[in-house]
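Let me begin by presenting the structure, written as structure tokens, before commenting on it.
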Amino acid sequence: MTRTAGSSPSSNRPLEARPPTRAKGRGARSNISGRYETFSRIETDDGWDGGDDLPALKTEITNETPRTIINYVASPFVGFDRSINPYRGCEHGCSYCFARPTHAYYGLSAGLDFETKLFAKPNAAALLDRELSSKSYRPRHIAIGTNTDPYQPIERKFELMRAILSVLAKYNHPVSVLTKSALITRDIDLLAPMAKAGIAKAMLSLTTLDPKLARAMEPRAATPARRLAAIRSLSDAGVAVGVMTAPIIPGLNDHELEDILSASKDAGAAWAGYTIIRLPLEVSGVFREWLEGAYPDRAGKVLRHIREMNGGRDYDVEWSRAKAPRSVMSRLIRQRFDRATARYGLAGDAPKLDPSLFRRPTEENRQLSFF
């Protein structure tokens with residue numbers, strides 16, 4: 001049943017999405033031009049396609065060989081100072097993904113290019129081993145999955161994440177993993193002993209419990225049920241696991257907040273976090289185009305809420321990342337989150353990881369590890 005703009009935001013009725021018009025199984029509706037491109041592209045119907053659907057876009061993967069793999073972060077908005085991204089671009093195709101603008105640096109679109117033209121770093125584990133072995137390296141928690149998802153579908157082929165975890169385990173290096181994918185359970189054999197030692201934790205990002213909304217908004221990510229099952233598997237194996245209710249989109253999924261937290265707690269989540277949707281740079285156009293195509297009856301209301309939370313703009317960092325919520329809707333979401341986590345017994349903070357266990361293998365052991 002379609003929810004109309006006048007329906008109650010607390011309603012739990014499922015939303016109905018219109019079928020994609022541009023590319024089946026993809027989140028973006030077009031290849032919106034990036035900010036560094038010389039020319040802007042506009043898709044028009046010339047009448048010659050006969051109304052037939054365009055052929056499905058295939059995923060293209062390019063190997064990238066960076067010189068370093070640990071990315072050092074200087075930002076007041078995140079709780080870590082270094083991260084690893086095994087892939088650029090993300091096949092999950094989440095229409096709201098704040099990482100989409102990074103493809104502009106390659107002269108590619110934040111739209112369909114971001115989810116179909118991917119870059120893999122096959123030397124990631126070898127680079128990590130070299131960087132951790134440096135005598136000048138000082139260990140601190142490494143965050144993985146904070147930009148693009150390390151367990152997106154192509155990880156099944158490349159297994160970069162598994163190789164990275166193996167190196168981190170060898171050095172007893174602390175790591176946190178954030179993902180939308182149930183594929184993380186493949187690596188429980190690596191994560192469980194690390195978690196037992198206090199050097200690993202995981203979070204599953206859960207945007208909605210409605211499979212139809214998830215399919216429309218995050219077309220190639222795991223279903224909500226599989227993400228909850230992954231939380232259960234990790235928890236049962238002794239891996240510290242939390243849930244990230246993100247992003248909360250007022251007028252679209254905000255009414256599910258309490259239900260998501262309750263279901264996650266039942267699945268074994270120990271703590272929870274949340275973020276409200278952010279639409280920096282090209283993401284604004286990609287998301288608006290998706291929203292108006294998939295949920296035209298709700299688009300106006302959703303966009304009004306987003307602008308109200310950003311001081312009248314689609315995105316304003318001074319509003320969206322303020323220490324204290326500045327809009328009425330933002331304050332309401334914070335209050336609901338705090339009350340729900342308290343009600344269900346979910347911690348507000350993730351457990352701390354212990355960098356003191358870090359050790360460098362002897363040179364002889366390091367050489368043997370490559371065989």
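Residues of the range 63-87 that are open to solvent by 70 Å² or more (accessible area, probe 1.4 Å) and outside any loop (DSSP other than H, G, I, E, B): Asn63, Asn71, Tyr72. All of (1) within 18 Å of Leu204 (Cα to Cα); (2) open to solvent by 30 Å² or more (accessible area, probe 1.4 Å) hold for Val177 with one exception: (2). Only residues that are surrounded by fewer than 19 Cβ atoms within 10 Å (Cβ to Cβ) and outside any strand (DSSP E or B) were counted in the range 271-284, giving 2.
If I ask for residues that are among the hydrophobic types (A, V, I, L, M, F, W, C), part of a loop (DSSP other than H, G, I, E, B) and either free of Cβ contacts under 8 Å to residues at least 60 places away in the same chain or surrounded by fewer than 24 Cβ atoms within 10 Å (Cβ to Cβ) (or both), which ones from the range 188-205 would you list? Show your work before the answer.
Filtering the range 188-205 for residues among the hydrophobic types (A, V, I, L, M, F, W, C) gives 188, 190-192, 194-195, 197, 199-200, 202-204.
Next, from what is left, pick out any that are part of a loop (DSSP other than H, G, I, E, B): 197, 199.
Ala197 - this is the single residue of the range 188-205 that is among the hydrophobic types (A, V, I, L, M, F, W, C), part of a loop (DSSP other than H, G, I, E, B) and either free of Cβ contacts under 8 Å to residues at least 60 places away in the same chain or surrounded by fewer than 24 Cβ atoms within 10 Å (Cβ to Cβ) (or both).
Yes or no, residue by residue, for (1) out of contact with any Cys (no Cβ under 9 Å at 6 or more places or on another chain); (2) under 20 Å from His92 (Cβ atoms); (3) of a type outside the set (A, V, I, L, M); (4) touching a residue at least 40 places away in the same chain (Cβ under 8 Å):
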{"position": "Ser136", "(1), (2), (3), (4)": "yes, no, yes, no"}
{"position": "Pro139", "(1), (2), (3), (4)": "yes, no, yes, yes"}
{"position": "Ile154", "(1), (2), (3), (4)": "yes, yes, no, yes"}
{"position": "Val167", "(1), (2), (3), (4)": "yes, no, no, yes"}
{"position": "Asn172", "(1), (2), (3), (4)": "yes, no, yes, yes"}
{"position": "Lys180", "(1), (2), (3), (4)": "no, yes, yes, yes"}
{"position": "Thr207", "(1), (2), (3), (4)": "no, yes, yes, yes"}
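Residue count for the range 318-344 satisfying the condition of being open to solvent by less than 30 Å² (accessible area, probe 1.4 Å) and of a type in the set (Ser, Thr, Tyr): 3. When Ala169, Ala182 are checked against the criterion of being surrounded by fewer than 23 Cβ atoms within 10 Å (Cβ to Cβ) and over 19 Å from the mean Cα position of the chain (by Cα), Ala169 stands alone in meeting it.
Residue check: Pro219 meets all listed conditions (1) assigned to a helix (DSSP H, G or I); (2) surrounded by fewer than 24 Cβ atoms within 10 Å (Cβ to Cβ); (3) touching a residue at least 12 places away in the same chain (Cβ under 8 Å) but one, namely (1).
Conditions (1) assigned to a helix (DSSP H, G or I); (2) at pLDDT below 95; (3) in contact with a strand residue (DSSP E or B) (Cβ under 6 Å, 6 or more places away or on another chain), marked per residue:
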| site | (1), (2), (3) |
| --- | --- |
| Ala104 | yes, yes, no |
| Ala110 | no, yes, no |
| Phe114 | yes, no, no |
| Glu131 | yes, no, yes |
| Asp149 | no, no, yes |
| Ser166 | yes, no, no |
| Arg186 | yes, no, no |
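Within the range 53-60, is even one residue outside any loop (DSSP other than H, G, I, E, B), modelled with pLDDT of 60 or more and within 23 Å of Thr146 (Cα to Cα)? The answer is yes, given that some residue of the range 53-60 is outside any loop (DSSP other than H, G, I, E, B), modelled with pLDDT of 60 or more and within 23 Å of Thr146 (Cα to Cα). Report whether or not Ser235 is among the small types (Gly, Ala, Ser), touching a Gly at 6+ places or on another chain (Cβ under 9 Å) and over 25 Å from Leu204 (Cβ atoms). Criteria not met by Ser235. Restricting Arg321, Arg366, Arg288 to those that are farther than 19 Å from Glu256 by Cα, under 22 Å from the mean Cα position of the chain (by Cα) and at pLDDT below 95 reduces the list to Arg321.
The values are calculated or read from the model by the stated rules, or taken from the named source; none is laboratory data. Every value quoted in this text rests on a predicted model; they were computed, and no experiment measured them. All Cβ positions, glycine included, derive from the backbone under ideal geometry; neighbour counts span all protein chains shown. Note: areas computed on protein heavy atoms with side chains; ligands, DNA, RNA excluded. Shrake-Rupley method; radii C 1.70, N 1.55, O 1.52, S 1.80 Å.
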